[in-house]
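These notes are about the structure you will find just below.
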Amino acid sequence: MALVLEFLILSLSIFLLFLLIKRNRTPKKACLPPGPVGLPFIGNLHQLGNSNLHEHLWRLSQKHGPLVYLRLGSRPALIVSSAKMAREIMKTRDLEFCSRPFLAATKKLSYNGFDLAFAPYGDYWREVRKICVVHVFSSIRVQSFRSIREDEVSRTIEKISKSALACKPFDLTTEMVSLTSTAISRAAFGKTYEIGGSDTERFLELLVETQAMASSLFLSDYFPCWGWLADKLTGMTYRLEKNFEAFDAFYKRIIDDYLDPNRPKPEREGSTILDILLQIYKDGSFKLQLTLDDIKAILTDIFLAGTDTSAITVNWAMAFLMKNPEAMRKAQEEVRGLFGNKGFVDEDDVQQLSYLKAVRNRTPKKACLPPGPVGLPFIGNLHQLGSSNLHEHLWRLSQKHGPLMYLRLGSRPTLIVSSAKMAREIMKTRDLEFCSRPVMTATNKITYNGLDLALAPYGDYWREVRKICAVHVFSSIRVQSFRSIREDEVSRMIEKISKSALASKPFNLTTEMVSLTSTAISRAAFGKTYEIGGSDTGRFLELLVETKAMASSLFLSDYFPCWGWLADKLTGLTYRLEKNFEEFDAFYKGIIDDNLDPNRPKPEREGSTILDILLQIYKDGSFKLQLTLDHIKAILTDIFLAGTDTSAVTVVWAMAFLMKNPEAMRKAQEEVRGLFGNKGFVDEDDVQQLPYLKAVVKETMRLQPTVPLLIPRETTKECSIGGYEIPTKTLVYVNVWAVGRDPENWESPFEFDPDRFMGSSIDLKGNDFELTPFGAGRRICPGIFIALFTVELSLANLLHKFDWEMPSGMNREDIDMNDVLPGIAPRMRDDLCLVPKAYATGHK
């Protein structure tokens with residue numbers, strides 16, 4: 001491996017030296033327009049990593065003038081930013097500026113420049129332009145498609161009318177894309193590809209991918225000597241070829257259908273664009289003999305130029321009108337004043353609407369993303385995520401950029417939410433649009449391809465498995481059925497601490513709480529204990545720790561789908577993930593086989609464990625969703641990942657806060673001892689009488705939520721929030737750690753003060769968005785009550801039975817709560833070890 005790296009570095013050095021020598025021998029150029037200074041070799045390419053590129057270039061023009069010169073790799077580039085210069089370019093000197101560059105993606109998609117839009121200037125372009133102007137885009141031809149446009153708009157109005165009757169929100173963005181793509185496909189070849197129609201998914205996927213390819217950056221366009229190799233290594237070349245072949249096959253099927261001699265004759269010859277082009281193809285009397293590739297290239301132009309563009313313009317216009325009520329009023333008064341009693345406004349009527357045309361002319365064409373830090377080319381903002389306290393780092397960025405912050409992690413758009421107001425918008429008001437989960441390499445693998453509840457994408461499967469879990473696994477009756485396990489495990493922990501207190505030795509609360517929670521969950525899950533020092537402990541805990549490490553690891557394939565998988569293989573992450581999955585799968589298999597063994601001794605109570613319950617459903621067959629053994633393993637994985645460290649870490653954080661705040665410790669102990677001082681054990685019924693203890697838990701979860709960045713959500717479609725456009729499949733992280741420190745919601749937000757919750761109605765159940773450590777909405781943690789019972793019961797007994805002191809030679813200030821270990825549930829890097837002192841009327 002080292003030898004390969006040395007060879008690559010040497011080769012690159014020689015190549016760069018060659019370029020430098022060549023550059024120095026190049027004769028001096030003429031006087032160029034002003035522009036920002038570029039870097040060696042790459043020029044100004046690094047300055048193009050902005051999602052609002054047009055705005056970034058405009059800012060450059062404010063500094064350098066209406067003509068800005070850039071060097072993009074080996075390509076000189078000119079940016080024009082004034083009407084005067086635009087006239088010079090596109091009218092006065094049009095002939096010198098009218099060609100097109102040969103770029104990798106557009107050249108491929110246009111069949112080597114056989115189209116109209118991207119073909120270089122020359123004889124071919126002039127001939128194909130004549131054909132298109134006379135036969136495809138003439139005013140007569142455009143008018144011939146009028147009935148299609150009016151029919152599609154009429155159908156949209158009918159859909160909106162139904163939505164209006166039901167008083168339901170209507171998704172204009174999706175509908176306008178459907179309208180334009182359907183209208184163009186009907187005009188092009190007489191078929192519809194509307195949302196929900198036949199072949200829709202295939203057609204729209206191809207169209208979206210083609211648009212993505214046409215706007216992607218190919219290094220071969222800027223570094224001809226070696227960029228092609230980079231494009232191959234990043235997978236861009238393969239992705240482009242694959243998309244081209246798929247769209248070519250799509251066109252081929254349609255054209256073959258048109259050329260089929262047995263095809264039924266259309267009502268009107270030449271009624272579609274494809275009809276017209278095929279007639280020219282067969283004719284042979286034109287100066288340019290069209291080929292089928294020419295036809296496909298022209299059709300690609302029509303689809304690329306005509307779908308999103310018109311749809312986006314209508315959406316922008318409606319968004320501007322909604323934000324400008326006076327303009328909305330004028331536009332509506334104009335159209336209603338002229339055609340108030342008319343059922344449908346047709347294209348002739350539109351010519352009389354001067355104010356509406358003014359609205360159209362003032363509408364821009366680019367989505368508005370939330371603000372965020374400038375990223376680097378290719379990797380975006382990934383380099384800014386290298387902090388163990390990631391939630392704190394993102395909070396600092398939000399102080400600069402706002403409560404909605406946009407990042408680009410490789411190829412993934414990402415939204416960071418850092419205020420209660422925006423959290424409410426995401427998890428309540430717009431919950432349906434933000435309730436899916438991203439498919440990530442590690443979590444997808446360990447959940448058996450998303451067969452679990454917590455990490456499965458939103459859809460029919462998730463709704464069914466959620467019903468099963470809500471009714472049979474996490475119901476209040478089921479949670480109560482495991483009460484004896486929780487109380488028994490806490491009681492055993494108190495016995496261990498009592499022995500340590502007798503010896504006046506420090507007690508490791510961190511290790512003990514992990515043991516308690518993992519043992520309690522394993523007993524509830526399948527009736528076995530895996531406590532520290534118990535049988536099979538090492539095996540089980542090692543697997544659990546490794547699974548958590550995998551779930552929180554960064555896999556490059558999640559952010560660079562084309563080539564990241566190769567990096568993950570080379571770094572060993574893929575092998576490590578596969579190995580962990582196979583071992584945990586074998587572990588589950590052994591337990592399930594044991595449970596299914598007909599010779600297994602009958603349990604005292606049928607359905608006494610979670611595995612019993614899930615296996616009964618598996619055997620039943622009467623549920624809408626037929627559970628498989630993989631479903632069961634995936635659900636068990638959720639329970640172990642979500643239920644061990646999380647509850648344990650919360651108790652440890654609470655004890656750390658209390659140790660550093662003696663007055664809060666005194667109040668909490670006085671409360672529990674005042675009510676139950678002579679009682680041997682504080683049970684779950686008793687805990688309900690301890691409001692200050694519950695306030696301590698809330699305050700702990702405010703300052704140190706167990707999962708500071710809630711499990712990421714993913715948008716199900718493009719949507720608007722806070723005045724910004726959020727793309728579909730955007731990763732969404734709600735930073736509840738930041739929300740808990742928002743001075744708009746909390747007085748003295750950085751102080752540990754449980755009294756703030758005394759007499760307050762704020763709870764942890766997802767109704768108060770200033771405090772949502774368990775999430776909210778459809779994706780709220782289903783195990784919330786198990787977690788709260790475990791945390792409150794453990795904490796009540798720790799405070800009831802013992803006074804706590806620092807180990808010899810240490811004081812309270814030595815508890816470092818800032819140095820944390822990253823992971824799903826970040827915890828203090830150093831275990832919390834305290835010296836227990838038995839309270840006078842303590843455990844008997």
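Details
- Label of the coordinate-derived value, Rg/Rh (Cα atoms, Kirkwood Rh), listed as [x] 1.14; [y] 0.96; [z] 1.03: [z]
- Anisotropy class of the stretch 354-473 from Cα gyration tensor, a/c 1.5 cut: oblate
- Value of [θ]222 nm, deg cm²/dmol, for the chain, DSSP H segments ≥ 4, -39500 (n - 2.57) each, nearest 500: -16000 deg cm²/dmol
- Prolate/oblate/rounded label for the stretch 123-323 (Cα gyration tensor, a/c 1.5): oblate
- With R₀ set to 51 Å, the beta-carbon distance separating PHE750 from LYS287 gives a calculated FRET efficiency near 0.05.
- Taking 19 Å as the straight-line reach from the Cα of LYS63, the aspartates and glutamates in range (excluding those fewer than 8 positions away in the same chain) are GLU55.
- The stretch 325-365 shape via C-alpha gyration tensor axes, a/c threshold 1.5: oblate
- Pair-distance distribution of the stretch 46-98: all C-alpha pairs, bin width 10 Å, starting at 0; shares per bin in whole percent are 24, 48, 27, 2.
- Residues of the stretch 166-188 falling in the label zone of VAL350, defined by backbone nitrogen less than 11 Å from a point 7 Å along Cα to beta-carbon, are absent.
- In straight-distance terms, cross-link reach from LYS496 covers every one of the lysines whose alpha-carbon lies under 18 Å from its own, apart from those fewer than eight places away in the same chain; here that gives LYS505, LYS801, LYS837, LYS844.
- Of all lysines in the structure, the ones whose alpha carbon falls short of 29 Å from that of LYS569, not counting any fewer than 8 places away in one chain, are LYS232, LYS242, LYS445, LYS548, LYS579, LYS589, LYS633, LYS729.
- Listed cross-link partners LYS323/LYS717; LYS428/LYS694; LYS159/LYS191; LYS91/LYS717 are compared with a 31 Å cut-off, the Cα-Cα value being larger for LYS91/LYS717.
- Sites THR309 and LEU259 - FRET efficiency at Förster radius 30 Å, r taken between beta-carbons, to 0.05: 0.50
- Placing a pseudo-label 7 Å from each Cα along the Cα-to-Cβ vector at TRP58 and LYS91 gives an inter-label distance of 2.3 nm.
- Fraction of the pair-distance distribution of the stretch 95-158 above 18 Å, Cα-Cα pairs, percent: 54
Read-outs: derived from the displayed coordinates by stated rules, not from any lab. Fair warning: this is a prediction, and the values are worked out from it, not measured in the lab. Ideal geometry is used to build each Cβ from the backbone, glycine not excepted, and the neighbour counts take in all protein chains shown.
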